[in-house]
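For reference, the structure is listed below as structure tokens.
Where a number appears in this text, it was derived from the coordinates with a stated rule and is not lab data. These numbers were taken from a predicted model, which means no experiment stands behind them.
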Amino acid sequence: NAWGSMSPTTDENTFVYTLGWEKAPEVYVSAAWATKAYGETVTPAYPAGASSATIGYNAFGNIQDALAAVAAGTMGDPNVVYIDAGTYAGSASNVLATDNVTVKLNDGVTIANTAGSCFEVNADYIIIEAATNLGAVCQVASGATGITVAAGVNELRIIGLEFTGGAEGIRFLGGISN
């Protein structure tokens with residue numbers, strides 16, 4: 001399950017409980033959940049019709065924790081992080097380090113970063129997509145970059161995201177494929 005697993009050892013009377021973290025295929029973010037208790041059940045407003053979610057497993061009050069919790073998808077079937085409307089302020093980049101993930105930004109999302117990029121992409125087959133064209137905003141400090149892309153990243157798509165402030169919208173730190 002999401003919290004850990006129990007398995008027998010070679011001695012039939014002994015079990016080992018392994019604390020671990022099973023990553024989720026769909027993860028939800030809402031600024032309104034920032035003060036919710038770990039393990040509390042919430043119902044995401046975005047996307048419409050989403051099932052209930054659990055704080056600390058597949059529901060978070062900040063973007064970085066959600067990105068760390070999403071499982072890698074597969075080619076043609078990416079896993080998804082849904083970010084609901086709200087302002088997500090921070091001073092560090094939100095790092096995408098898991099392959100085959102789509103980040104869906106609801107209208108009204110503002111990622112306001114005072115020092116880092118809105119996103120740092122270090123994984124392949126990533127999509128960052130606003131619900132409507134220019135419906136979500138990446139706002140960074142003067143001299144900063146909206147999205148930083150690591151060298152060698154394969155297939156990155158950024159759709160409908162508005163960039164404000166900063167020196168550049170997207171910085172590629174090396175070659176990118178597709």
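Given the options 98, 35, 114, which has the most mean-square fluctuation in a GNM of the chain, springs set between C-alpha atoms less than 10 angstrom apart?
Result: 35 has the largest fluctuation of those listed.
Output wanted: per-residue J couplings in Hz (rounded whole) for the range 63-75, from phi through Karplus 6.51 cos²θ - 1.76 cosθ + 1.60, θ = phi - 60°, x for Gly and Pro.
6, 4, 4, 5, 5, 6, 8, 7, 7, 5, x, 10, 4
What fraction of the DSSP beta bridges in the chain is antiparallel, stated in percent and rounded to the nearest 5?
Looking only at bridges with both residues in the chain, the antiparallel portion is about 15 percent.
How high is the relative contact order of the range 21-61, in percent, counting Cα pairs under 8 Å that sit 6 or more residues apart?
Dividing the mean separation by the residue count of the range 21-61 yields 50 percent.
Check residue 128: other-chain or 5+ apart residues with amide H under 5 Å from its amide H, H built from backbone geometry?
Here 103, 157, 158, 159 satisfy the definition.
Please identify, among 26, 129, 40, the residue showing maximal mean-square fluctuation in a Gaussian network model of the chain using a 10 angstrom Cα cutoff.
Ranking 26, 129, 40 by mean-square fluctuation puts 40 first.
Grab every C-alpha pair in the chain, bin the distances at 10 angstrom width from 0 up to the longest one, and report whole percents.
10, 35, 33, 14, 5, 2, 0
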